Amino acid sequence: MVLVIAFRIPGRHPASTTTVWVIDYHARHYIEVIINPSAYEHSVVQRRVGTVSDGVSRSEGSVCSTKNTRIHAAELERVTLNIYLFLTWEAQLFTIVVDRWYPAMKAARYYGNQDIRIDDVDEPTPEAGEVVIEVSTCGICGSDLAGYLHDSHGDGDHLPYTMGHELGGTVVDTGEAEGVDTGTEVVLNPLIACEDCWCCDEGLYNLCRNLTVIGAQRPGGYAERVTAPAGNVVSLPDGVPTWLAAVAEPFAVAFHALLQSPLRSGDAVAVIGMGPIGLALVQLVKGMGAGRIYASGHREARRALAHDCGADVVLDPRETDILERIRSETAGGVDIAFDVTGRESGYNDAVKSTRPNGHTTLVGVFEGAIEGDVMDFVSAQRSAKGSAAYQTGPRAGETFGAVLQKFASSEVDPELLVTSRIDLADIAEQGFEELANKSERSSASSRAEPDDSESGEVKILVSP
Ligand SMILES: [Zn+2]
Ligand SMILES: [Zn+2]
């Protein structure tokens, strides 16, 4: 049982009373009392009992939502903690002695290969220039899954740690940071650039030589709250809810990739790989006025989604010779291709699907070297370019801002990618294990192909 005492301090409430919430986050109950702190014995002015859920039910008319019952470090410092409270509830006398505040919150921490646990961890406190975000949802990313399955995040030095870098939420503590207000609904840009290396000097912050990532080198979003530099939060436009903002991150990866390609309206496009980023790319290239869009993916559920996202032709590369199909329907190939698989076969399909002088943008993350034919480029004068994440540093709002505008204007539909929303407590079973079906497990090498066993999941959003 976790008892948390939260205070609404005098000055924010009718004079001479203090509102106190005693919250048991495990049982999800709270007691709310309004007391007159000058007379302990008969101090209870009003008392009510309620349930802490996703914001206490409105019908109770309570001021006690999960948002404002969670009191934050800066506010606590202004509260006297040596308080004796006598609360009578259901004929029992509770004596609650608060002589020290132990801030704690829930976080899902990674302990190593396929081992993720829900822990009580210290409440994060913002450093200079940082804010605290109360997490609404955090998406499970392919990179987190790879870390979970193949121990690729395995760095014994900083285990256990909290993963999660795709998150939306509300700023609840601004510390000494300027430029962002408490209560602002935001999405996190998880990449922190050093602003000191030659890449940063040239404004290529996504290529920073000393990049750190929230959710990798520092605690991430599979937690109730997370800290971030104020410059790494991007406020949400009207109409984009915090829970959906988590999906802005994979869209930002896709949009940055699109900006690396010489796409012109009317161009035929192939997107190879129908994970969240591939599906986002299909929507984005459609919105940018692409001509015929070919999509290729192994999983049936995702191919069905590719149609919904705007692909004209959706192919299973195990059943169809996709190169022959594309070449026969276009002038020798597509103008622009994207590899979003990070697999040898996906890379080769992407490059070879382009017409002579065509271009391939490489977005997928490979786990090792692969085989390809350099003559694909030389003899047909093709080109290829990699794409790394999205802008950050002083430009942290650029890619995310553009994506959020597309969300707000309905140019793209991020909800199409969201296949499940789960509680933090279920992150291992209903999150990682659900995504980590046999196909992912068997394909530890980038040359292996997924088998037929498949999960229908695309993007799972985790709510603390
Ligand atoms: Zn991600
Ligand atoms: Zn740098």
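At-a-glance table
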read-out: Qualifying GluC sites (Glu not before Pro) for the range 306-348 [loop in DSSP, other Cβ within 10 Å: at most 14]; value: 319
read-out: Per-residue HN-Hα couplings for the range 279-286 [Karplus 6.51, -1.76, 1.60; θ = phi - 60°; Hz; x = Gly/Pro]; value: 5, 5, 4, 4, 5, 5, 5, 4
read-out: Packing rank of 242-252, 306-316, where each peptide gets the mean count of other beta carbons within 10 Å, highest leading; value: 242-252, 306-316
read-out: Residue 176-residue 405 pseudo-label distance in nm [points 7 Å out on the Cα-to-Cβ vector]; value: 3.5 nm
read-out: Other-chain or far-sequence residues with amide H under 5 Å of residue 334's (modelled H); value: 354, 355
read-out: Amide H partners (placed H, <5 Å) of residue 459, local residues excluded; value: 419, 420
read-out: Stretchable slack from residue 385 to residue 260, in nm (0.36 nm times residue separation minus alpha-carbon distance); value: 44.3 nm
read-out: Under the Karplus curve 6.51 cos²θ - 1.76 cosθ + 1.60, θ = phi - 60°, whole-Hz ³J(HN,Hα) for the range 348-362, x wherever Gly or Pro sits; value: 5, 4, 5, 4, 6, 7, 7, 6, x, 6, x, 10, 10, 9, 9
read-out: Within the range 147-274: Cβ-based charge dipole about Cα centre, in debye rounded to nearest 20 (Lys, Arg +1; Asp, Glu -1); value: 400 debye
read-out: Gyration tensor (alpha-carbon) shape descriptor, the range 252-393, a/c threshold 1.5; value: rounded
read-out: Other-chain or far-sequence residues with amide H under 5 Å of residue 314's (modelled H); value: 295
read-out: Zone residues, the range 194-235, relative to residue 128, backbone N less than 16 Å from point 7 Å out along Cα-to-Cβ; value: 229-231
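Laboratory data are not the source of any read-out in this text; all were calculated from the coordinates shown. Just so it is clear, the structure is predicted and the values come from calculations on it, not from any experiment. Cβ sites come from the backbone with ideal geometry, for glycine too, and all protein chains shown count toward neighbours.
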